[in-house]
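Only one structure is covered here, and it is reproduced in the block below.
The values are calculated or read from the model by the stated rules, or taken from the named source; none is laboratory data. No experiment lies behind these values; they were computed from the predicted model shown. Note that we place each Cβ from the backbone using ideal geometry, even for glycine, and neighbour counts take in every protein chain shown.
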Amino acid sequence: MRVDNEMKLEFLSKSQNESFARSVVAAFAAQLDPTIEEISEIKTAVSEAVTNAIIHGYEYEQGYVTIVCRIIDNTIEVEVTDKGKGIEDIEKARQPLYTSRPELERSGMGFTVMETFMDHVSVISELGKGTTVIMKKSFKRD
Amino acid sequence: MQVSFETCNNTLIIKLNGELDHHSASYVRDSIDDEILAKNPKNIIFDMSRLNFMDSSGIGVIIGRYKLIASNGGKVGIVSMKPQIRRIYEICGLKRIIPSYDNKKTAIENL
């Protein structure tokens with residue numbers, strides 16, 4: 001499929017980059033002329049994926065988080081990748097309220113939020129290699 | 001991210017200003033817990049009128065404070081949520097345990 005635009009962002013797995021990452025993706029998505037609500041949804045979904053990479057992928061160790069964004073027609077595709085520990089059971093990780101780190105006071109709602117705010121969420125993960133979360137959202141325009 | 005407090009009778013009003021995500025969560029959590037320890041309020045109200053962003057990390061912070069207050073028989077309320085934050089609040093099922101109000105006055109009267 002023809003890609004209309006693409007960007008790649010790479011940053012250290014530091015929590016202060018969460019705000020930076022969601023703002024960059026939102027700014028890139030702005031060319032699709034989204035509503036304020038749609039921008040909020042993208043920002044929140046990206047924030048959840050990046051937080052997962054930092055807490056669960058790298059478990060607070062230092063590594064790089066990579067975000068690739070593509071625009072294809074009226075759809076934005078966001079891939080968030082870490083080279084961390086990987087997810088043992090993806091099905092379980094995606095369940096609402098499930099958290100592998102209950103001691104951290106996590107809500108366990110990260111994937112549920114991504115699934116609610118984006119049209120499509122898929123997860124590719126390999127133990128010891130890392131995880132990629134692919135999210136897509138289309139914008140309906142007249 | 002800034003957190004400030006106001007006390008009204010036995011209710012602690014927690015004013016959140018900025019963006020509540022995983023990065024700011026530990027600062028927000030510690031600030032609130034210090035204030036709860038110092039003031040020992042019965043109820044707490046989160047004033048979100050100046051909160052511009054929140055993700056599920058913020059939900060974790062709110063649920064944690066709810067457990068703390070509820071274990072002492074107190075109540076928790078949220079006021080002035082912006083639409084994006086209201087959606088997170090609804091999706092995460094917080095609505096079932098923590099009521100939301102339009103303003104502080106109504107919240108204090110109803111807690």
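Here are the numbers:
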item: Filter pass, A:G110 being more than 13 Å from every other protein chain (Cβ to nearest Cβ) and of a type outside the set (D, E, K, R); result: no
item: Top-ranked residue of the stretch B:54-79 - restricted to ones that are basic (K, R) and within 15 Å of A:R106 (Cα to Cα), ranked as surrounded by the fewest Cβ atoms within 10 Å (Cβ to Cβ); result: B:K67
item: Close pairs from the stretch B:64-75: first among the polar types (S, T, N, Q), partner at pLDDT 95 or above, Cβ under 8 Å, at least 6 apart; result: B:N72/B:K42
item: Contacts under 9 angstrom Cβ, first residue in the stretch A:8-22 being farther than 19 Å from A:I134 by Cα and in a strand (DSSP E or B), partner at pLDDT 95 or above and aliphatic (A, V, I, L, M), 6 or more apart; result: A:L12/A:V65
item: Unmet criterion (only one of (1) within 13 Å of chain B (Cβ to nearest Cβ); (2) assigned to a strand (DSSP E or B)) for A:E103; result: (2)
item: Subset of the stretch A:113-134 (residues that are more than 9 Å from chain B (Cβ to nearest Cβ) and not in a strand (DSSP E or B)); result: A:M114, A:E115, A:M118, A:D119, A:L127, A:G128, A:K129
item: Scan of the stretch A:78-119 for residues that are in contact with an Asp or Glu (Cβ under 9 Å, 6 or more places away or on another chain) and surrounded by fewer than 17 Cβ atoms within 10 Å (Cβ to Cβ), ordered by number; result: A:R94, A:S100, A:R101
item: The one condition in (1) within 8 Å of chain B (Cβ to nearest Cβ); (2) farther than 20 Å from B:S24 by Cβ; (3) in contact with an Asp or Glu (Cβ under 9 Å, 6 or more places away or on another chain) that A:P34 fails to fulfil; result: (1)
item: Scan of the stretch B:25-53 for residues that are surrounded by 15 or more Cβ atoms within 10 Å (Cβ to Cβ) and touching a Ser or Thr at 6+ places or on another chain (Cβ under 8 Å), ordered by number; result: B:A25, B:P41, B:N43, B:I44, B:I45, B:D47, B:M48, B:F53
item: Test for B:G77: is it over 17 Å from B:E6 (Cβ atoms) and touching a helix residue (DSSP H, G or I) at 6+ places or on another chain (Cβ under 9 Å); result: no
